[in-house]
1. Within the stretch A:110-124, can you find the residues that are farther than 10 Å from A:ALA39 by Cβ and among the aromatic types (Phe, Trp, Tyr)?
2. May I ask you to say which residue of A:MET714, A:MET696, A:MET668 is within 11 Å of another protein chain (Cβ to nearest Cβ) and buried (at least 24 other Cβ atoms within 10 Å of the Cβ)?
3. Check A:ALA289 against each of (1) within 14 Å of another protein chain (Cβ to nearest Cβ); (2) among the aliphatic types (A, V, I, L, M); (3) free of Cβ contacts under 8 Å to residues at least 40 places away in the same chain and name the one condition it does not meet.
4. For the stretch B:1-70, give me every one of the strands (runs of 3 or more DSSP E) that falls completely inside it and has 1 or more residues that are buried (at least 19 other Cβ atoms within 10 Å of the Cβ), acidic (Asp, Glu) and within 14 Å of chain A (Cβ to nearest Cβ).
5. Can you tell me which residue in the stretch B:254-266 is farthest from B:GLY174 (Cα to Cα), limited to those that are surrounded by fewer than 19 Cβ atoms within 10 Å (Cβ to Cβ) and either facing chain A (nearest Cβ under 9 Å) or of a type outside the set (Ser, Thr, Tyr) (or both)?
6. Restricting to the stretch A:217-235, name every residue that is surrounded by fewer than 24 Cβ atoms within 10 Å (Cβ to Cβ) and touching a helix residue (DSSP H, G or I) at 6+ places or on another chain (Cβ under 6 Å).
7. Has the stretch B:243-252 got at least one residue that is touching a residue at least 40 places away in the same chain (Cβ under 8 Å), hydroxyl-bearing (Ser, Thr, Tyr) and crowded, with 19+ Cβ neighbours inside 10 Å?
8. Can you tell me how many residues in the stretch A:2-48 are of a type in the set (Ser, Thr, Tyr) and modelled with pLDDT of 95 or more?
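The values are calculated or read from the model by the stated rules, or taken from the named source; none is laboratory data. Given the structure is predicted, the values throughout are model-derived calculations rather than measurements. Here the Cβ positions follow ideal geometry from the backbone for every residue, glycine too, while neighbour counts run over all protein chains shown.
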Amino acid sequence: MSTTSVLGGVVRRKEDPALIRGEGLYVDDIKLPGELAAAFVRSPFAHARISSIDVSAAIAMDGVHAVYTADDVRHLGPVLAQVAVGTLRPPLADGAVHHIGEAVAMVVADDRYIAQDAVDAIFVDYDPLPAVVDLKAAAADEIQAHEGVSNVLLAWSGQDWWPGVTDELPDAKPAIEEAKARDDTVTVSLEMVNQRLIPTAIEPRAVLANWHAGYGSFELWSSTQIPHALAGAIAKIFGLPSNKVRVVAPEVGGGFGLKLNIYPDEILCCFASKELGRPVRWTETRREAPASSIQGRGWVGTATIVGTRDGRILGYELDAICDMGAYSQNFTVAIPLLGLFVAPGQYDIPTAYTLTCVVTNTPTTDAYRGAGRPEAAYYLERIIDRYAREIGMDPAEVRKKNFWQPDQFPATTAVGLTMDSGNYAANLDALLEKVDYEGLKARRDAARAEGRLVGIGLSSYVEVCGFGPSALAGLGFSWSEYGQPAAFNGSGVVRVNPDGSCTVIIGTGPSGQGHETTWAQIVSDQLGIELDQIEVLHGDTAESPFGVGTFGSRSLAVDGTATYEASARVKDKAAAIAAHLLEAAPEDIRFADGGAHVAGSPDKTVSWPEIATSAYQPHTLPDGMEGGLESTAVFSPGNATWPFGSHLALVEVDPDTGNVEILEYWAMDDCGNVVNPMIVDGQIHGGIAQGIGQAMFEAAIYDDDGNLLSSSLMDYPIPTAADLPSFRLDRTTTPTDVNPLGVKGIGEAGTIGSAQTIVNAVVDALAPLGVEHVDMPLRPRNVWQAINGARG
Amino acid sequence: MYPRKFDYTAPRTIADAVAALAGDEGAKVMAGGMSLLPLMKMRLLSPATIVDIGRIDGLDRIEDRGDHIAVGALVRHAETAASDLVQTHAPALARAASLTGDVQVRNKGTTCGSLAHADIAADQTAAVIALGATMVATGPGGTREIAAADFFVDTLTSALAPDEILTEVRIPKGGSGSAYDKLGRRGGRSDYAVAGAAAWVDKTNGSITAARVAVTGVGTKPMLVEAVGAALVGTDGSPEAIAAAAEHATEGVTLLEDLYGSEEYKAHLAKVYAARALTEALGG
């Protein structure tokens, strides 16, 4: 990279002025003439048969255009899942409901107020059935979430999940059992809950569908992370070629995985638009969002470590039951699998695991920021802390003793996957030096001597992201059922326009991450075109190259690389044109300051508008050169990327109330090369906030009948900036060779590293009382109960 | 989040507002709307008419009336919190107002609106009880005064008749100090009160001559716990005396469990925050 590179520089986000002023266009800002509004009747029961639905009063209301039930839409088929294990979701409940809030009927009316009034006028006769919510009860199959169907979908164990991709690995179990039986080893176990969460994007989901009868085509605006997959789904369902469906994801106000799904409401709005010949809109209300979108996490499991008394871990076991909810949606059963990919963390340790996926009468779980990886990191890093305490060793020392060493990379882990690069001990040492670890421990011990409950929590983590290798398609990780077989390729178009400005069109899209700035930096660095002359377009399937979407911290590593390669090709062609115009050799052309010049002759220059004008007037080009100045690139990486890091927190617990105060929070992350440090820091900030949200505040709480007790933001507290400390961030840089940019991904790292950092700190604070574990969320009541329990 | 159809009227005088309420059984008063509108959007409440008192002159003032201060029906939480008069004569109320809702709510919602709403986990309810405030209700027959301690009847239920408006709250001057503290649902003091307590004390010549403690968030309504004040009167207000008095903090309270606390925990917190509020009120 040249010394004038904008890569690695703090560049203010191009997109922010519009977003901050409220001038960005979200789905709800886009208005079509004649549009109708949809609303849904939702189940008040978690499990019930539907005996009858009386829509007569609703359909008779002024302004109501249609009421649809399962009979009207059954032919559309269930919503397909990428990993099609378990019961798929019908577009509207068909004969029975299986979770609270499941859509039973759809009203389409002149406006949303009328539609809601009509919803209130629809009478559904339910015959309630026993519901299953508790994961152990679900695994025991005593009550079935779907009548006559086992709750147990599958159990991930061994390497059977990656046929033909990994080598056959020996079963770690016998060696672990042998280690446990030895006299000189210690075995520690903890049963822990990684509770269900409600993703809660600031912009709820929103859909606007418009059938063009004259053209036989759909236009669909949706607040989605996957516009191309959605276009494929709509095309397949309505028997159209995919080029007859245009999906636009305009500004998206937070995704976090909840918009990484194809939802029945998207299909139903298209259906209704086609039936009624009018555009049909549905915007999710905050009230219905907890059950009309996916939820995340929801594991109960036991982590076990056997190791020597001097800190060498001889085996790690994870045995968990994972909550899938009522229906398999997009990834659903694959989320625990993503956790398995990083089950052994940063450690070279034998690992055995069983993750049992069970169905319950609750909304579907699917990807939520981190998606399996925060759960995996939580169990591992909590039990390592427990082990360190058991053998009386510093938790940082135990971690270092078991890390993969830099010279072992690429490292094939105990689950059979190969990690690209890592320098774990150096990263942890950098963190410990930054926080003055010894001084911090002294500060904690001095506070303890005064009777205060102060604790230090540490967690290391490794993430797998940047999906990824095309072979993942073999595992079902693609929307092939919807005629979208592309696995996790990235794509990008770089076009220099006749006036010398540059349009970049990408196959991924932001939901707040700052793609427009980051991608402009990549292209500007290559071509020397000023950032404000580069426009980055995204999210419109009519104009963008086929793209998989934004999820799994993949955009920069995969689609960013495609754009990098496309701009390199444009640069090569532009160099040839400039050389022709300047009567020089192409290899002597340098790009800077808005144009090209000849190396060593800075006065022999040609501007981008001059190069571009020539490109679009082929008679001025070298003989045989094709006109135009653009390139499309597709990038398929050979591996995922493996970011890592360590986080550390200092907390104080109020012994009288159980209130936890985070005094300090440090993060030392390593996501390879960094394009924009400010954007990377922002991603870490948000990720940590969501991890702390899980650690301290959030929980989707159901009663035994499957009623969601935490169904509003009054009962589901999410952290605000005022509830969080100022995070102190730093990073180490260990590039990957999986892509030429050397970048890994940072969207989820903060979430993966943080929850257990807080819990470890609180348990450390309570350790003098003999507390070994407190389940999340660490609300004051739970911490106080632990204190009270320990004090007897 | 789409309310049922309703009528809307914005009278210019209190008399017109009262008339609008009296003539319509399904009418509800709206000041800032921060409690009413969410209930309507969730269709938990569907008034036939909203009587918006926001355009009535003279209700947006905090006044010094000699022996008391008066907070009008349109005074926003943020104004209550920032008021020199309130900070000087009723620090418990200023503090409670500063801990109500979030910035947007404090800039829009009103102190009297929150009191009339009578949420069991609100902050300023406990403060006005401990301060011995008088609530002034205006109805078709004129105004009547209701002691704050008698104002909160049950969950979301005040002593106001359907055709009455809480036009102001009067807080007597006097006493040596008052304070409010709470544990919030998001930990610290953030969000609705898991438990909170307000205290007012009068200390003369080293001895507590009068004391009132009210608790919120822990039971079916915010309420005065007379036993705490009674136990403190006559003592020197020492930490030991405070701790002993605070032990009475749940006497007469019907505890209510929620997602944030069991009855046992709420009872414990009532005592902790009674002691904290008393300590602060005594300048500790």
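1. A:PHE123, the sole residue that qualifies.
2. Values: A:MET714 fails: buried (at least 24 other Cβ atoms within 10 Å of the Cβ); A:MET668 fails: within 11 Å of another protein chain (Cβ to nearest Cβ).
Just one listed residue meets the conditions, A:MET696.
3. Here A:ALA289 clears every test but (3).
4. On the way: elements: B:7-9, B:27-30, B:49-52, B:62-64.
The strands (runs of 3 or more DSSP E) meeting that bar number zero.
5. First pass over the stretch B:254-266, keeping only residues surrounded by fewer than 19 Cβ atoms within 10 Å (Cβ to Cβ): B:254-259, B:262-264.
So of that shortlist, the ones also either facing chain A (nearest Cβ under 9 Å) or of a type outside the set (Ser, Thr, Tyr) (or both) come out as B:255-259, B:262-264.
Details: B:LEU255: 31, B:LEU256: 33, B:GLU257: 36, B:ASP258: 36, B:LEU259: 38, B:SER262: 37, B:GLU263: 35, B:GLU264: 35 Å.
Among those residues, the one meeting the criterion is B:LEU259.
6. Restricting attention to the stretch A:217-235, the residues satisfying the condition of being surrounded by fewer than 24 Cβ atoms within 10 Å (Cβ to Cβ) are A:217-219, A:235.
Within the stretch A:217-235, A:SER217, A:PHE218, A:ALA235 meet the criteria.
7. The initial filter retains those residues of the stretch B:243-252 that are touching a residue at least 40 places away in the same chain (Cβ under 8 Å), namely B:249.
Adding the requirement that they be hydroxyl-bearing (Ser, Thr, Tyr) leaves none.
Taking every residue of the stretch B:243-252 in turn, none turns out to be touching a residue at least 40 places away in the same chain (Cβ under 8 Å), hydroxyl-bearing (Ser, Thr, Tyr) and crowded, with 19+ Cβ neighbours inside 10 Å.
8. Of the stretch A:2-48, the ones of a type in the set (Ser, Thr, Tyr) are A:2-5, A:26, A:43.
Still in the running and modelled with pLDDT of 95 or more: A:26, A:43.
Matching residues across the stretch A:2-48 total 2.
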